[in-house]
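Undergrad: Before we start, here is the structure in question, set down as structure tokens.
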Amino acid sequence: MSTPHKVAIITSGGDSPGMNGAIRAIVRTAIYHGLEVIGFKYGYQGILDANYVEMNARSVSGILQRGGTILGTSRCKAFLQESGRKQAAANLDELGIDVLFVIGGNGSMRGAHELLKVWDGQVIGLPGTIDNDCGGTDFTIGYFTALDTALESIDKIRDTAEAFDRVFLVEVMGRKAGDIALGVGITGGAEEMLLPERPCDLDQVVERMVLSKERGKGSYIIVVAEGAYDGGAPRLAEELEKRTGYACRPVVLGHIQRGGSPVAMDRWFATRMGAFAVKAALQGANGVMVGIEKNELVTNPLEKTWQENKSFDPFIFEIQPMLSI
Ligand code: ADP
């Protein structure tokens, strides 16, 4: 193994708050160790276009508290083709890159894995996504900020729901993963959480809504992950209103969940993972994603990101009905 001299960073796929903290940690740790650093703009597309900026310790000043990503991101169709990845490999070689750091979700990790089939440099992933849907890490960079953002809305919705004795259905992001819905549901005191991973039994939902009214509860909040019900919260609200006769109002939170200044936890993970990724690169790690498991920094094979099915703690589902009586 030869010692790396020059490294590159991309942020790819859906942006998440905290990506900037990861960029900062990589840049500064790499420079500290005498490495040259460049950042490609707009994810894999930037590698294909050789669109990059040279980075020094000052290029990452003042970004820790900023949402989004200073490098930009994209979904790059050309990279899905082997010809695109070969072009990217040629451009990386042309620029003398030894290590590529990919900050993104499990799609970006798949891309990284495919790139290694045609490029003989080192690739190290960092999990940057609000969805928390990457295997090989307990938490992804951006998840906690997305929870806080959604929570702020839920708290406001609760005020009006109380005032009008209404049922509100709040749709949060998560087509395939219910982590945001679960996190927001528990911390926002929702009466119901509907997740893509668990079949939605409408009869039972209706039963619980009626019971809750009988117990004298005014408001009722149902957190719905995007992928939990066909047609999302708007269609489900119509259906539940028809079945119960209660006024049911849908609220779709949408893209606000991606934005905002990263909360401390995301900056904490981003910083630790970024610095650890550089250390791992210097020790020759390749084809792995950095993660946090049981509060320990770890590396796992990239494949684990999309192959491992993280399961929810069953205790949460056990206590949720107790908490919403
Ligand atoms: P995320 O990383 O947030 O999950 P995407 O799933 O959109 O976002 O993936 C980001 C980019 O990663 C894609 O636009 C594509 O360029 C690349 N990518 C995703 N899956 C693959 C794949 N199977 N092979 C090659 N590249 C991929």
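Since every read-out is calculated from the coordinates, none of them should be taken as a lab result. Keep in mind that this is a model prediction, so the values were computed, not measured. Neighbour counts are summed over all protein chains in view; Cβ atoms, including those assigned to glycine, are modelled from backbone coordinates with ideal geometry.
Undergrad: If you find the alpha carbon centre of the stretch 26-40 and of the stretch 238-280, how far apart are they in angstrom?
TA: Measuring centre to centre over Cα atoms gives 30 Å.
Undergrad: Could you check the simple spin-label distance between L202 and M322, using points 7 Å along Cα→Cβ, in nm with one decimal?
TA: Placing both labels 7 Å beyond Cα along the Cβ direction yields 3.2 nm.
Undergrad: Would you calculate the separation in nanometres between label points at Q65 and K310, each defined as 7 Å from the Cα along the Cα-to-beta-carbon direction?
TA: 2.8 nm
Undergrad: Okay, next question. Determine the alpha carbon to alpha carbon distance for each of K6/K117; K156/K217; K41/K304; K117/K304; K156/K294; K77/K176 and list only those over 25 Å.
TA: Table pairs above 25 Å Cα-Cα are K41/K304; K156/K294.
Undergrad: Would you compute the Debye intensity of the stretch 104-207 from its alpha-carbon atoms alone, equal scatterers and no solvent, and pass along log10 I(q)/I(0) at q = 0.13, 0.20 Å⁻¹ to two decimals?
TA: -0.59, -1.03
Undergrad: Here's a follow-up. Any chance you could give the angle, 0 to 90 degrees and rounded to 10, that helix 314-323 forms with the longest Cα principal axis of the chain?
TA: Approximately 40 degrees, to the nearest 10.
Undergrad: Mind checking the log10 I(q)/I(0) for the stretch 193-325 at q = 0.09, 0.13 Å⁻¹? Debye, one equal scatterer per Cα, no solvent, two decimals.
TA: Per q value, in the given order, log10 I(q)/I(0) is -0.46, -0.80.
Undergrad: So how tilted is helix 19-32 from the main axis of the chain? Cα-based, degrees 0 to 90, rounded to 10.
TA: Helix 19-32 sits roughly 30 degrees off the main axis of the chain.
Undergrad: Here's something else I'd like to know. Using Stokes-Einstein with the Kirkwood hydrodynamic radius over Cα pairs, what translational diffusion coefficient do you get for the chain at 20 °C and a viscosity of 1.002 mPa s, in µm²/s rounded to a whole number?
TA: The estimated diffusion coefficient comes to 104 µm²/s.
Undergrad: Could you pull out every residue, at least 5 positions away or on a different chain, whose amide H is within less than 5 Å of the one on L194? Hs are placed 1.01 Å off N in the peptide plane, and Pro or chain starts have none.
TA: Amide H to amide H, under 5 Å and 5 or more residues apart or across chains, L194 pairs with V223, V224, A225.
Undergrad: Note down the magnitude of the dipole of the chain about its Cα centre, charges +1 on Lys and Arg C-beta and -1 on Asp and Glu C-beta and zero elsewhere, to the nearest 20 debye.
TA: 700 debye
Undergrad: Over all alpha-carbon pairs in the stretch 1-68, figure out the percentage whose distance exceeds 15 Å.
TA: Distances greater than 15 Å cover 54 percent of the Cα pairs.
Undergrad: Another question, if that's okay. For a distance above 17 Å, tell me the whole-number percent of Cα pairs in the stretch 143-258 that qualify.
TA: Cα-Cα pairs in the stretch 143-258 separated by more than 17 Å: 48 percent.
Undergrad: Which residues make up the longest stretch of the chain that has no trypsin sites (Lys or Arg not before Pro) in a DSSP loop with at most 13 other Cβ atoms within 10 Å?
TA: 1-116
Undergrad: Then there's this: Based solely on its DSSP helices, what 222 nm [θ] is calculated for the chain when runs of n ≥ 4 H residues each add -39,500 (n - 2.57) and the sum is averaged over all residues, nearest 500 deg cm²/dmol?
TA: The helix contribution divided over the chain gives -13000 deg cm²/dmol.
Undergrad: Considering the dipole of the chain built from charges on the beta carbon (Lys and Arg +1, Asp and Glu -1) around the Cα centre, which of L95, S2, I325 is farthest to its positive end?
TA: Among L95, S2, I325, the one farthest towards the positive end of the dipole of the chain is L95.
Undergrad: Additional query: Nearest 20 debye, what's the magnitude of the dipole of the stretch 1-119 about its Cα centre given +1 on Lys and Arg Cβ and -1 on Asp and Glu Cβ?
TA: Charge dipole of the stretch 1-119: 300 debye, to the nearest 20.
Undergrad: Right, another one. Enumerate the amide H contacts of I9 below 5 Å, restricted to partners 5 or more residues apart or on another chain; note that Pro and chain-start residues carry no placed amide H.
TA: The list, which skips near neighbours in sequence, is I38, G39, F40, F101.
Undergrad: Related question: In percent, how large is the relative contact order of the stretch 168-317, given Cα pairs closer than 8 Å and 6 or more residues apart?
TA: 23 percent
Undergrad: Could you work out the relative contact order of the stretch 1-83? I mean the mean sequence separation of Cα pairs under 8 Å and 6+ apart, divided by the number of residues, in percent.
TA: The value is 41 percent.
Undergrad: Stokes-Einstein at 25 °C, 0.890 mPa s, Kirkwood radius from Cα pairs: D for the stretch 246-309 in µm² s⁻¹?
TA: 168 µm²/s
Undergrad: With both bridge residues required to lie in the chain, what share of the DSSP beta bridges run antiparallel, to the nearest 5%?
TA: 25 percent
Undergrad: What does the charge add up to near G178, with Lys and Arg as +1, Asp and Glu as -1, over the other residues with Cβ less than 13 Å from its Cβ?
TA: -4
Undergrad: Could you please state, rounded to a whole Å, how far the C-alpha centre of the stretch 174-207 is from the C-alpha centre of the stretch 59-104?
TA: The stretch 174-207 and the stretch 59-104 have Cα centres separated by 35 Å.
Undergrad: About its Cα centre, what dipole magnitude does the stretch 143-258 give when the only charges are +1 on Lys and Arg Cβ and -1 on Asp and Glu Cβ, stated in debye to the nearest 20?
TA: Rounded to the nearest 20 debye, it is 80 debye.
Undergrad: I need the GluC sites (Glu not before Pro) found in the stretch 244-325, filtered to DSSP loop residues with at most 15 other beta carbons within 10 Å of theirs.
TA: For GluC sites (Glu not before Pro) across the stretch 244-325 that sit outside H, G, I, E and B with at most 15 neighbouring Cβ atoms in 10 Å, the list reads E308.
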